[in-house]
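These notes concern the structure reproduced below.
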Amino acid sequence: MLAQIEQWIDKTNSEYAHKRICCEKFANEFEGFYPNEFLKTAFYVVVDKIPKPDFTGLRELGLSNFIDMDVAGITYKNTYYILPSAVDNLRVHFHELVHVVQWRELGAHTFIMRYINEIQTFGYNDAPLEIMAYELDAHYTSNGNKFNIPDYIIQQL
């Protein structure tokens with residue numbers, strides 16, 4: 001199933017490639033947190049509906065709640081998808097960029113396996129990869145001290 005999920009992700013990212021916006025546009029907002037070189041390699045797409053894989057096998061794994069959950073954004077590899085209502089919300093962008101780093105560092109298969117396992121074991125709200133993203137976006141929005149987010153995530157993974 002990992003191959004099926006990754007194929008779906010690659011197809012989705014390919015279909016939306018012409019609509020991608022480079023996250024380098026957040027260089028000033030995220031200065032001190034995300035290096036510009038990293039931001040140049042991350043992208044987002046504004047969509048009316050968040051794309052999610054909806055395979056029978058995923059539902060059989062107990063992921064129906066996640067598949068059906070309303071979210072403002074979702075990340076697939078170096079690209080995240082965001083709703084128009086959240087496009088001006090820097091916290092959502094910051095959060096999804098945490099996931100871009102996680103995808104990059106873990107690799108697609110490891111990220112997918114770990115994410116599914118965490119959702120199954122802990123539920124979405126208590127999944128460690130999500131907790132990391134929520135804690136870091138909260139730190140950013142509370143004007144916390146600046147530090148290199150990708151380096152931090154690498155140490156935590």
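The values are calculated or read from the model by the stated rules, or taken from the named source; none is laboratory data. It should be emphasised that the depicted structure is a prediction, and the values quoted were computed from it without experimental measurement. Positions of Cβ are generated from backbone atoms using ideal geometry, with glycine treated the same way; all protein chains shown enter the neighbour counts. Side chains included, ligands, DNA and RNA excluded: accessible areas come from the protein's heavy atoms. Shrake-Rupley method; radii C 1.70, N 1.55, O 1.52, S 1.80 Å.
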Worksheet entry | Residues (touching a Gly at 6+ places or on another chain (Cβ under 8 Å) and surrounded by fewer than 20 Cβ atoms within 10 Å (Cβ to Cβ)) located in the range 66-86 | LEU83, ALA86
Practice prompt. Being over 22 Å from LYS19 (Cβ atoms) and among the polar types (S, T, N, Q) is the filter; apply it to the range 87-113 and report the residue that is most open to solvent (accessible area, probe 1.4 Å).
Written response: THR110
Worksheet item: Going by the structure shown, is ASN36 more than 20 Å from LEU106 (Cβ to Cβ), among the polar types (S, T, N, Q) and touching a residue at least 12 places away in the same chain (Cβ under 8 Å)?
Response: yes
Fill in: Residue list for the range 104-133, filter: touching a residue at least 40 places away in the same chain (Cβ under 8 Å) and over 17 Å from the mean Cα position of the chain (by Cα)
GLN120
Discussion item. Suppose we keep only residues that are of a type in the set (S, T, N, Q) and in a loop (DSSP other than H, G, I, E, B) within the range 138-157. Which one would you say is nearest to the chain's Cα centre (by Cα)?
Written reply: ASN148
Response to the item:
Those residues of the range 1-35 that are modelled with pLDDT under 95 and touching a strand residue (DSSP E or B) at 6+ places or on another chain (Cβ under 6 Å) come to a total of 0
Worksheet item: Can you name every residue in the range 92-103 that is in contact (Cβ under 8 Å) with a residue 60 or more places away in the chain and either farther than 15 Å from VAL45 by Cβ or acidic (Asp, Glu) (or both)?
Response: PHE94, VAL101
Worksheet item: Name the pairs: first residue in the range 134-152 and within 21 Å of GLU37 (Cβ to Cβ), second residue open to solvent by less than 80 Å² (accessible area, probe 1.4 Å) and of a type in the set (Gly, Ala, Ser), Cβ to Cβ under 7 Å, at least 6 apart or on different chains?
Response: LYS146/GLY32
Practice prompt. Six or more apart or on different chains, Cβ under 6 Å: which pairs go from a residue in the range 2-27 that's more than 18 Å from GLY107 (Cβ to Cβ) to one that's open to solvent by 40 Å² or more (accessible area, probe 1.4 Å) and not polar (S, T, N, Q)? Could you list them?
Written response: GLU24/LYS40
Fill in: Whichever residue in the range 39-77 is in contact with a Ser or Thr (Cβ under 8 Å, 6 or more places away or on another chain) and of a type in the set (Phe, Trp, Tyr) and, among such residues, is nearest to LEU106 (Cα to Cα)
TYR76
